[in-house]
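Colleague: What follows is a single structure, and I will ask about it in a moment.
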Amino acid sequence: MDKNFFQRIVFGLLYCLVVVFCTHPMGSELLQNIFPVQQYQLYYGLIVFFILVGLWECVRIMEFRKGWERLAVFPIAILILYRFSKKYFYHGFSFEFNLSEILGLSLILIAVITLFRFKSELDFESGKLIFTLIYVPLTFGYALALPYYNSENTFSLEPLFLFILIWSSDSFAYLSGRLFGKHKMAPTISPKKTWEGFAGGVLLTLIFSYFIEQKFGYLRGNWMVVGFLVAVFAPMGDLVESQLKRTFNVKDSGNIIPGHGGILDRLDSFMICAPVLYLYFILDKLL
């Protein structure tokens, strides 16, 4: 028990350090004397890594049979990544009502509904293929839109603070649930989640959001609103991945982070929150 506890602590801290390194300008500053790289390139590399490992984990969870669908997962995913990459490197995200991007957001909602209400569709290889392509590269693709960088290589902190808010939501929800949890949120999907834990996660996330809004007012949007969205949708992201694993009778998505599982286990909340924030930034600009 102690060994597993310390393993979780050590590798959890390493994971957090990697994320901070790739989402804060100090990452590129520390590397300048060794390997000159821009911060937006580090962030892009992080997201690409998440996509590639996440795809492999999703294929493993859903037990693709040998066929054209399994062979098509990575090539089609790379095309999706290419589309987002092109917009990312050429500053193509304008946060305006773009039909193709809104359609992409709608597909994420349809995939989630399918997983919960029509999961028999995932018995078919074509259904697995479509779900995987939406759930992994499409959701992570919207994460590329969150930071802002310009010709002076100024890199904004939206992705870093999104991670921090997700971590605060998850951590305080866990602690609140352990101390006060009595009423289950989704007992058949995630038995340990409680409404008391959810309330605790919302509270701490809103507190952190207040300080972010006060100190970093130049960020996109109102971060009290962002904090509320994260507090609501981060648990939903966890429930989506829990439902996926339960559907295919899998305990963990992988073991790339010892003591914590796979990329999908660690990034499930981020994968849902990133598209939600993208939509919020569009609405905020329109309104």
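The values are calculated or read from the model by the stated rules, or taken from the named source; none is laboratory data. Note that the coordinates shown come from a computational prediction; the quantities given were computed from them, not determined experimentally. Here the Cβ positions follow ideal geometry from the backbone for every residue, glycine too, while neighbour counts run over all protein chains shown. What goes into the accessible areas is simple: the full protein's heavy atoms, side chains included, and nothing from ligands, DNA or RNA. Shrake-Rupley method; radii C 1.70, N 1.55, O 1.52, S 1.80 Å.
Colleague: Take segment 24-83, compute every pairwise Cα distance, and split them into 10 Å bins from 0; I just need the percent in each bin.
Modeller: Answer for segment 24-83: a P(r) of 20, 36, 23, 16, 5 percent.
Colleague: Please name whichever of Val276, Met224, Leu286 sits farthest to the positive end of the charge dipole of the chain, dipole taken about the Cα centre and charges placed at Cβ: Lys and Arg +1, Asp and Glu -1.
Modeller: Of the options given, the answer is Val276.
Colleague: Sticking with this structure for a sec: Could you put Arg117, Arg65 in order of accessible surface area, largest first, with the 1.4 Å probe and the full protein assembly present?
Modeller: Arg117, Arg65
Colleague: Accessible area per residue of the chain at 1.4 Å probe, in Å²?
Modeller: Dividing the accessible area of the chain by its residue count gives 52 Å².
Colleague: Could you check the spin-label model distance between Asp123 and Asn4? Points 7 Å from the Cα along Cα→Cβ, value in nm.
Modeller: Label at Asp123, label at Asn4, 3.4 nm between them.
Colleague: Using heavy-atom solvent-accessible surface (probe 1.4 Å) with all chains present, what is the largest-first order of Tyr149, Tyr90?
Modeller: Tyr90, Tyr149
Colleague: Kindly sort Ile164, Ile108 by accessible area of their heavy atoms, largest first, with the probe set to 1.4 Å.
Modeller: Putting Ile164, Ile108 in descending order of accessible area: Ile164, Ile108.
Colleague: As I understand it, the dipole of the chain uses +1 on the Cβ of Lys and Arg and -1 on the Cβ of Asp and Glu, about the Cα centre. Which of Phe6, His91, Ser171 lies farthest toward its positive end?
Modeller: So the residue furthest toward the plus end is Phe6.
Colleague: Taking all protein chains as present, what is the carbon and sulfur share of the accessible area of the chain, in % to the nearest whole number, probe 1.4 Å?
Modeller: Here it works out to 67 percent.
Colleague: So which residue, out of Ser169, Ser126, Ser209, gets the largest mean-square fluctuation from a GNM of the chain using Cα contacts under 10 Å as springs?
Modeller: Top of the fluctuation ranking is Ser126.
Colleague: May I pose another question? If R₀ is 45 angstrom, what is the calculated FRET efficiency for the pair Leu103 and Ser171, using the beta carbon separation as r and rounding to 0.05?
Modeller: 0.85
Colleague: So which residue, out of Ser106, Ser85, Ser28, gets the largest mean-square fluctuation from a GNM of the chain using Cα contacts under 10 Å as springs?
Modeller: Ser106
Colleague: Could you size up the charge dipole of the chain around its Cα centre, putting +1 on the beta carbon of Lys and Arg and -1 on that of Asp and Glu, and report it in debye to the nearest 20?
Modeller: That gives the chain a dipole magnitude of about 600 debye.
Colleague: Compare Gly262, Gly227, Gly67 in a GNM of the chain, Cα atoms joined below 10 Å, and give the one with the largest fluctuation.
Modeller: Gly67
Colleague: Then there's this: Can you flag which of Lys86/Lys192; Lys66/Lys119; Lys192/Lys285; Lys87/Lys193; Lys119/Lys184 are past 30 Å Cα-Cα?
Modeller: Pairs exceeding 30 Å: Lys86/Lys192; Lys192/Lys285; Lys87/Lys193.
Colleague: Okay, next question. Just the accessible area for Phe97, please: 1.4 Å probe, Å², rounded to the nearest 10?
Modeller: Here the residue's solvent-accessible area equals roughly 140 Å².
Colleague: In whole angstrom, and with the biggest value first, how far do the Cα coordinates of the chain range along each principal axis?
Modeller: For the chain, the Cα spread along each principal axis is 49, 49, 44 Å.
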